[in-house]
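Chemist: Following this message is one structure expressed as structure tokens.
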Amino acid sequence: MLPVQVKSAIEEELNGAIARVQYIGGGSINRTVKIEVDAVPYFVKWNDAAAFPDMFSLEVKGLNLLRGYSEFVVPDPVAGGETDEHAFLIMQFLERGKPHWSDAGKVLARMHSYAGRKDERFGLSEDNYIGSLKQSNRFHNTWAEFFSTERILPQMKLALDQQRLSRSDLAAAENFCKRIGEIFPDEKPSLLHGDLWSGNFMFTPNGPAVFDPAVYRGHREMDIAMTRLFGGFDEIFYNAYNEEYPLEKNWKSRIDYCTLYPLLVHVNLFGGGYISDVQRILNHFT
């Protein structure tokens, strides 16, 4: 369950013996467990260090950004390291609490509207990951430039290389990219979680919490659309968000265009039914 070398490294980092290990799960990238050392619970994740270089160090930087510029509960990274085969990250274990959807909507709105931001470019000072794929965050002055150059077209070309999408699909995506500037309302970039689906969000006794970020500065409707892609967020959440920082007119009509990026990521990771989802959106631009 927990690799022997990882277990030894964790015990060395925490200066104590692991008394209990509870398997939580994980996906195709990370394995996760809850452990106890000296009666203190921790959340631990590990993966193949060679396959995903710097993934956890970049995750920690993303968590620190969210902690510094939002009121979300963000788990503290306790320690991390590498063995011969694995990279691991030890984090604060978050307990579940009662849902307060109104609080969650307002906290996200305040993060998006944060007035102290100095850099009004779209992007981030370094690249990171979305799932197991590298995510390029090179700075651009407009959302249209950033969304097309760093998000849609790289994923489309990867899908073409994997023969999961066709050249006609790529042509439709290029047509979409030419129209991004007229489709999206003009807004300053917001700090985004970047992968804000229900699996990366929870309620704790101390408030709504987020984790597993893919942060960058982008159009705030990207986070909103991601909350709706796989369901799980109550309508109260959106009402509260709009009371705090109203979304621009017709925001619901742009959800598909925002979800095009995470859907393309899923095409490149998993294929399957995500291909038809992408093609359905691109059909408007053929």
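Chemist: Just for segment 125-135: of the residues that are of a type in the set (Ser, Thr, Tyr) and surrounded by 15 or more Cβ atoms within 10 Å (Cβ to Cβ), which one is modelled with the highest pLDDT?
Modeler: Tyr129
Chemist: Looking at Asp277, Asp212 in this structure, which one is out of contact with any His (no Cβ under 6 Å at 6 or more places or on another chain), assigned to a loop (DSSP other than H, G, I, E, B) and buried (at least 16 other Cβ atoms within 10 Å of the Cβ)?
Modeler: The conditions single out Asp212.
Chemist: Still on this structure, I have one more. Which ones in segment 7-28 are surrounded by 17 or more Cβ atoms within 10 Å (Cβ to Cβ) and either without any contact (Cβ under 8 Å) to a residue 60 or more places away in the chain or touching a Ser or Thr at 6+ places or on another chain (Cβ under 6 Å) (or both)? Full working, then the answer.
Modeler: Step one: filter segment 7-28 for residues surrounded by 17 or more Cβ atoms within 10 Å (Cβ to Cβ), giving 7, 9-10, 14, 18.
Within segment 7-28, Lys7, Ala9, Ile18 qualify.
Chemist: Okay, next question. Could you tell me whether any residue of segment 230-249 is surrounded by 19 or more Cβ atoms within 10 Å (Cβ to Cβ), without any contact (Cβ under 8 Å) to a residue 40 or more places away in the chain and within 26 Å of Asp186 (Cα to Cα)?
Modeler: No, segment 230-249 has no match at all.
Chemist: Can you tell me which residue within segment 195-209, out of those that are touching a Gly at 6+ places or on another chain (Cβ under 9 Å) and under 18 Å from Asn30 (Cα atoms), is surrounded by the most Cβ atoms within 10 Å (Cβ to Cβ)?
Modeler: Asp195
Chemist: What are the residues in segment 147-190 that are of a type in the set (D, E, K, R) and more than 23 Å from Leu133 (Cβ to Cβ), if any? Don't jump to the end; show me each part of the working.
Modeler: Taking segment 147-190 first, the residues of a type in the set (D, E, K, R) are 150-151, 157, 161, 164, 167, 169, 174, 178-179, 182, 186-188.
Scanning segment 147-190 gives Lys178, Arg179, Glu182, Asp186, Glu187, Lys188.
Chemist: List every residue pair whose Cβ atoms lie under 7 Å apart, where the two residues are 6 or more positions apart in sequence or sit on different chains, the first residue falls within segment 54-66 and is free of Cβ contacts under 8 Å to residues at least 60 places away in the same chain, and the second residue, located anywhere, is buried (at least 21 other Cβ atoms within 10 Å of the Cβ).
Modeler: Phe56/Ala87; Phe56/Leu89
Chemist: Then there is this: Which residues, taken from segment 62-71, are surrounded by fewer than 16 Cβ atoms within 10 Å (Cβ to Cβ) and within 18 Å of Tyr129 (Cα to Cα)?
Modeler: Asn64
Residues checked against (1) at pLDDT below 95; (2) buried (at least 19 other Cβ atoms within 10 Å of the Cβ); (3) within 21 Å of Tyr23 (Cβ to Cβ):
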residue: Val60; (1), (2), (3): no, no, no
residue: Val73; (1), (2), (3): no, yes, no
residue: Val78; (1), (2), (3): no, no, yes
residue: Asp84; (1), (2), (3): yes, no, no
residue: Arg96; (1), (2), (3): no, no, yes
residue: His100; (1), (2), (3): no, no, no
residue: Lys118; (1), (2), (3): yes, no, no
residue: Gly123; (1), (2), (3): no, yes, no
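Chemist: Would you list the helices (runs of 4 or more DSSP H) that sit entirely within segment 77-181 and hold 2 or more residues that are more than 22 Å from the chain's Cα centre (by Cα)?
Modeler: 153-161
The values are calculated or read from the model by the stated rules, or taken from the named source; none is laboratory data. Not measured: the values here are computed from a predicted model. No Cβ is skipped: glycine too gets one built from the backbone with ideal geometry, and neighbour counts run over all protein chains shown.
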